[in-house]
Structure formats: structure tokens, C-alpha cells
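S.K.: Here it is, the structure, as C-alpha cells.
The values are calculated or read from the model by the stated rules, or taken from the named source; none is laboratory data. Quick caveat: nothing in here was measured; it's all calculated off a predicted structure. Cβ sites come from the backbone with ideal geometry, for glycine too, and all protein chains shown count toward neighbours. When the accessible area is computed, the model is the full protein with side chains, heavy atoms only, and any ligands, DNA or RNA have been set aside. Shrake-Rupley method; radii C 1.70, N 1.55, O 1.52, S 1.80 Å.
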Amino acid sequence: MDYAEVNLDDVEGVATIDTAGMLGALERFPQQVREAIEIGRAPAELPDAADLRAVVVLGMGGSGISGDVVGSLAADSLGVPMSTVKGYRLPGFVDENTLVFAVSYSGNTEETLGCVEEALGRGATVVAVTSGGRLAEIAGERDLPLFQVPGGLQPRAALGYLFVPVLSALERIGLVHGLLEELGAACEMLDERVQEYGVVTPLDDNPAKRLARDLVGFLPVIYGSEGPLAVAALRWKAQFNENSKVPAFYNWFPELNHNETVGWNHLEDIGSRCHLIVLREQDERPRVARRIEITLDLIKDDVGHITHVFARGSSRVERLLDLVCFGDHTSVFLALALGQDPTPVTRIEEFKRRLAEQS
Ligand code: F6R
């Protein structure tokens, strides 16, 4: 396929590639967040915050990032440590004073299910967030608090359903404050953003389409700064992988200044085909702004393109969700520009099928 042939402004033509309607799912994101706020209010027996010494979120891929989102938003105010476990290994500190959220959209992810069994064995309180599968069954059998979310989406398109109940539960027990209010206000901003980044907005007025067009033929490398912007950078990377089916990498300031800054010194042919996207905030820490300035000055001749994307919004929740919305649309438009249907993740399914054969 000649990439230049795909006109991102041809709404009907684009729909013939986006056969499962990923663009529609992105457009419904604000509605999904509103619904998820309601789901988060469902009756659930949650532990007393006074008894808790740690919070852990279990989850992989599009589900696991829900823990990163909540952790990055809550980090500055949370009085207990919070971590996200993406794998088979449950940390040694998990005990009866730990609140564990098991997040799996399908409810059938083996790493998450394995950690759930171990966490229950250690007496932790386990809260399930899922659309069904084995996780919903375990919640029923063991009488666990369950936030059941609607099914039928790709897990990565269900981010609102997956992170909001975790945030909501933490706020209900008084471990975090004010984030749900910020989230409610963010929905109005998201209503505007999904229009601005949506398929009906022509390329000249649509920053997501423009960036997608500039990414054709390049490998996206996304940099954020520690906290929510690093989580946004991870989301962009994963969405480029799963929607656009391209390799993509991410890193964050200040850590990357201690290693990756040097790593652009060789393999010029690869560097020149990388498009560096730097996620930023208008009021970023002055030392971070200075780091970005120096870093880009050092590596500017080693990469093909550099784009700065400034988060918009008046709260940390709005800024993170604005970046998620921008990145999600960019990854889908890149898929479409490459003639790829953004929805199927055939290799993930094939991988899980082959792994299950040998269990
Ligand atoms: C697919 C996706 C994947 C899944 C992951 C875990 O859209 O985003 O990264 O999220 O394979 O599966 P679930 O989310 O069902 O636990």
C-alpha cells in the first residue's frame, strides 16, 4: 500500500479500514469515564483505610496501565506506598494489611490470576475490576468486592472503565482526595478534545492527524517527565504498538539523562528514522524544562524529527487525559495512514493461544 493514498479526511474511506470502529470507541471515551464514575459508586465492601499499609494494582498491558495512571495521580498525596505489579511475582510485603486491585478486562490474564490466588492466600483484601472471565468467577466464589464493567471492547479501549473504579475506591475509603472531582470536570474537556482530534476534523485543524502523518515511516520514541507524563508516554508507546502495529519506545526525565542521552551516539541510520515526541506541561518544573532544553540540544542531530506536545488542562487529571486522548487518536490515525485496521491484535491473541496450549 502506498501510504500517501490514504486520505485521513475521507471519513467513509477511513471507515473501510477501521472495520471494528476504534475511532468510535475513542469518541465515546468521555462517556465511558462518566459511566465508570457511576460504576465506581456501586456498593462494595472496602477495608478501613486505618488498617492499610500498602496498595497494589495487579494487571497487564491495557489493564495494568490503570495502576500507573492512578498511582501517578495519587503519588503526592497517598499516605501509603502504592505499586503496580505487571507479572507473576507478588511482592513480599503483600499481607492482610494490603489492598490489592486485580484489574483484567477479559478476566482471564494468567499473570493477574496467579497473583490474585497468592494475595488471597496471604490474607490481602482483593478487589476485582473486570468485564467477566475467571476473575469475575473468583470474585463470586470468594465474595470479593467486584467492579463489573461492560464487555465487548479491546482492553486498551476500556481505560476509563479500568482506572476510574480504582481511583474511586481509594477516594471512598479516604486514601486520596479531590481526584474524582477533577475527573468529573475533565469529562467536559474530553468532550471538546474528542471532537478536535476526531475523524471529522480535517487535517489542517487536527493536531492528531498532522502528527500521525508526520510519523509515517518513522519509529516513535516518546519522552515524558516523571509522574503522569511518564505514564502518558507509556500509553503512547503501547498504543503505537497495538493500534499502529509499529515498534515504539518511551523513557522519562530525569532518568533518561543518566543513560539514554548517550545512546543516540551511534547507529545514525536508525536514529535518523526516529521521531522523538516530547510530552510537556506549560508549568513544568524549571529544572525539567532545562533538562529538556539541554538534552534536545545534545541529540538534535541524531534523531530524524522532534515534536513537542504540550498537555492542556487546568488540573493534573485533565492534563494526563488530554495527552491520552491525543496519543490514542494519533496512534489510530497512524494505523489508518499505514492502511492497518487499528483494532486486531492478532499476535497477542496468537501468543496467548500458544501459551495456553502448554499450560
Ligand atoms: C489489548 C490490550 C492488551 C491486554 C493484555 C491483558 O487491547 O490492551 O494489552 O490488556 O493482554 O489482557 P486483559 O486486559 O484482558 O487482562
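S.K.: Strictly over 23 Å apart at the Cα level, which of LYS86/LYS237; LYS209/LYS352; LYS86/LYS300 would you flag in this model? Before the final figure, lay out the partial values.
M.R.: Working: LYS86/LYS237 16 Å; LYS209/LYS352 32 Å; LYS86/LYS300 34 Å.
Listed pairs above 23 Å: LYS209/LYS352; LYS86/LYS300.
S.K.: So, with +1 on the Cβ of K and R and -1 on the Cβ of D and E, and no other charges, what is the size of the charge dipole of the chain about its Cα centre, to the nearest 20 debye?
M.R.: Numbers: 32 positive and 53 negative charges, 116 e Å.
Its charge dipole is roughly 560 debye.
S.K.: From the helices alone, meaning DSSP H stretches of at least four residues, give me the mean residue ellipticity at 222 nm for the chain, per-run term -39500 (n - 2.57), in deg cm²/dmol to the nearest 500.
M.R.: Numbers: 14 runs with 165 residues, N = 359.
Mean residue ellipticity at 222 nm (helix-derived): -14000 deg cm²/dmol.
S.K.: Sorted by mean Cβ packing within 10 Å, highest first, what order do the peptides 301-308, 183-190, 283-290 take?
M.R.: Numbers: 301-308: 15.0, 183-190: 18.8, 283-290: 13.0.
Highest mean packing first, the order is 183-190, 301-308, 283-290.
S.K.: If you roll a 1.4 angstrom probe over the protein chains with everything in place, what fraction of the accessible area of the stretch 140-200 belongs to carbon and sulfur, to the nearest %?
M.R.: On the way: 1120 of 2370 Å².
Roughly 47 percent of what the probe reaches on the stretch 140-200 is carbon or sulfur.
S.K.: Now a separate question. Take GLU137, GLU12, GLU260 and sort them by solvent-accessible surface of the protein heavy atoms, 1.4 Å probe, largest at the top.
M.R.: On the way: GLU137 100, GLU12 150, GLU260 50 Å².
The residues order as GLU12, GLU137, GLU260, largest area first.
S.K.: Peptides 88-100, 64-76: what's the order by average Cβ count within 10 Å, highest mean first? Don't skip to the end; give the middle numbers.
M.R.: On the way: 88-100: 16.5, 64-76: 22.2.
Averaged packing, sorted descending, gives the order 64-76, 88-100.
S.K.: Moving on to the next point. Tell me which of GLY224, ILE37, SER359 sits at the most positive position along the dipole axis of the chain, charges placed on C-beta atoms (Lys, Arg +1; Asp, Glu -1).
M.R.: SER359
S.K.: Sticking with this one: Which whole DSSP H helices in the chain pass both tests: a Cα extent of 18 Å or more along the axis and a mean Kyte-Doolittle value no lower than 0.5?
M.R.: Working: long enough: 61-74 (20 Å, 0.76); 159-172 (20 Å, 1.15); 179-196 (25 Å, -0.11); 286-299 (20 Å, 0.31); 316-337 (31 Å, 0.85).
Within the chain the helices that satisfy the rule are 61-74, 159-172, 316-337.
S.K.: Across the Cα atoms of the stretch 31-123, what radius of gyration and what greatest pairwise Cα-Cα distance (Dmax) are found, in Å?
M.R.: Rg and Dmax of the stretch 31-123, Cα atoms, are 13.3, 39 Å.
S.K.: Still on this structure: Taking only C-alpha pairs under 8 Å that are 6+ residues apart, what is the relative contact order of the chain in percent? The partial results should precede the final answer.
M.R.: On the way: 650 pairs, mean separation 73.6, N = 359.
Relative contact order, the chain: 21 percent.
S.K.: Oh, and also: Please report how far the C-alpha centroid of the stretch 81-102 lies from that of the stretch 118-168, rounded to the nearest whole angstrom.
M.R.: Using only Cα atoms, the two centres lie 15 Å from each other.
S.K.: Shifting gears a bit: State the answer as a single residue: which of VAL129, ALA15, ALA185 lies farthest towards the positive end of the charge dipole of the chain, with beta carbon charges of +1 for Lys and Arg and -1 for Asp and Glu, about the Cα centre.
M.R.: The residue sitting most towards the positive pole is VAL129.
S.K.: On to the next question. Please calculate how many Å² of accessible area the stretch 27-177 carries per residue, with a 1.4 Å probe and no DNA, RNA or ligand atoms counted. Before the final figure, lay out each step's value.
M.R.: Numbers: 5920 Å² over 151 residues.
With all protein chains present, the stretch 27-177 gives 39 Å² per residue.
S.K.: Between GLU117 and PHE310, what is the FRET efficiency for a Förster distance of 41 Å, r being their Cβ-Cβ separation, to the nearest 0.05? Provide the component values of the computation, followed by the final result.
M.R.: Working: r = 44 Å, r/R0 = 1.08.
E between GLU117 and PHE310, to the nearest 0.05, is 0.40.
S.K.: Further question: Beta carbons within 10 angstrom, averaged per residue: use that to sort the peptides 206-216, 160-170, highest first.
M.R.: Numbers: 206-216: 20.5, 160-170: 26.9.
Per-residue Cβ counts within 10 Å, averaged per peptide and sorted highest first, yield 160-170, 206-216.
S.K.: Using only alpha-carbon positions, what ratio does the radius of gyration of the stretch 246-337 give when scaled by 2.2 N^0.38 Å? Display every interim value, and only then the final one.
M.R.: On the way: Rg = 14.3 Å, N = 92, 2.2 N^0.38 = 12.3 Å.
Taking N as the residue count of the stretch 246-337, the ratio is 1.16.
S.K.: If you take the charge dipole of the chain about its Cα centre, with +1 on Lys and Arg Cβ and -1 on Asp and Glu Cβ, which of ALA158, LEU78, CYS325 is farthest toward its positive end?
M.R.: My answer, from the dipole projection, is LEU78.
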